[in-house]
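Visitor: Can you keep this structure in mind? I'll have questions shortly.
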Amino acid sequence: MSGNNSTVTEEAIITFNPAAQLPLKLTSTNFNSWRSQLETLLMGLDLIHFIDGTGVAPTTTVSVNNVKSPNLVYRWWFRQDKLILHALRCSISESLYSYVSAAVTSHEAWLILEKLYACRSQSRIINLKGKLARTSKGNCDIVTYVNDLKLIAAELALVDAPVSDLDMVVHCLRVLGADYNQFAATVRARGTTVNIE
């Protein structure tokens, strides 16, 4: 339903149940996970064009033989967009609601949130990469250490900054210490990526 078909009627309106369909509410720390949830739902319903800017609102009227009349496609588009905007607002925490309360369209609300969290995502990436660089094995066993690194890598993947397997291996080898010299030498000699479980 692109909103360009003059046969679109009000029966084509898709309603939402935000509590069931968008259970993860946007907070100050989970924008990428929340965005993935919302985008997946809208892609599945073929409504993503409302928020991503690829869909354009139809004209409010149509002219047939120089006679203007209300455009039913616009009426459908307007109502569908308001339902998407409502679902979006219902899926954010109360503390963030004021950011999108004045948005007129779902696309406008989406742009506000993306702009707000773009800077925060960059800051989060820098913090996580610093945490990865500072994480040391210390007195913990190798499994605990590697699991700690995997958790940081998973968080980086969520903010669209994945760490390659090779970078993970290099980081592990750099900090493992003398007890793992033989293992490190083997990995370096083979030039392979080793998955430590």
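Nothing in this text is a laboratory measurement; each read-out follows from the coordinates by a stated rule. Given the structure is predicted, the values throughout are model-derived calculations rather than measurements. For neighbour counting, all protein chains shown are included, and Cβ atoms are generated from backbone atoms with ideal geometry for every residue, glycine included.
Visitor: May I ask for the percentage of alpha-carbon pairs in the stretch 88-165 that lie more than 18 Å from each other? List each step's numbers first, then the result.
Guide: Values: 1671 of 3003 pairs.
Of all Cα-Cα distances in the stretch 88-165, 56 percent exceed 18 Å.
Visitor: Between the stretch 14-38 and the stretch 89-137, what's the alpha-carbon centroid distance in Å?
Guide: Rounded to whole Å, the Cα centres lie 13 Å apart.
Visitor: For Lys131, which lysines qualify as cross-link partners when the Cα separation must be under 16 Å and same-chain residues fewer than eight apart are set aside?
Guide: By straight Cα distance, Lys131 reaches Lys150.
Visitor: Any idea what the alpha-carbon Rg over 2.2 N^0.38 Å comes to for the stretch 10-116?
Guide: Taking N as the residue count of the stretch 10-116, the ratio is 1.17.
Visitor: Could you put Tyr97, Tyr117 in order, starting from the residue whose Cβ has the fewest other Cβ atoms within 10 Å? Walk me through the numbers on the way to the answer.
Guide: Values: Tyr97 12, Tyr117 21.
Ranking Tyr97, Tyr117 by Cβ neighbours within 10 Å, fewest first, gives Tyr97, Tyr117.
Visitor: Now, a different point. Leu26's amide H: which non-local residues (gap 5+, or another chain) put their own amide H closer than 5 Å, with H modeled 1.01 Å from N in plane and none for Pro or chain starts?
Guide: HN-HN under 5 Å from Leu26: Ile92, Ser93.
Visitor: Follow-up question, since we're still on this one. Below 26 Å, Cα to Cα, which lysines can Lys68 reach? Residues fewer than 8 away in the same chain don't count.
Guide: Lys82
Visitor: Next question. Once phi is turned into ³J(HN,Hα) by the Karplus curve 6.51 cos²θ - 1.76 cosθ + 1.60 with θ = phi - 60°, what whole-Hz value does each residue of the stretch 73-82 show in order, with x for glycine and proline?
Guide: Calculated HN-Hα couplings, in order: 5, 5, 4, 4, 4, 4, 5, 5, 5, 5 Hz.
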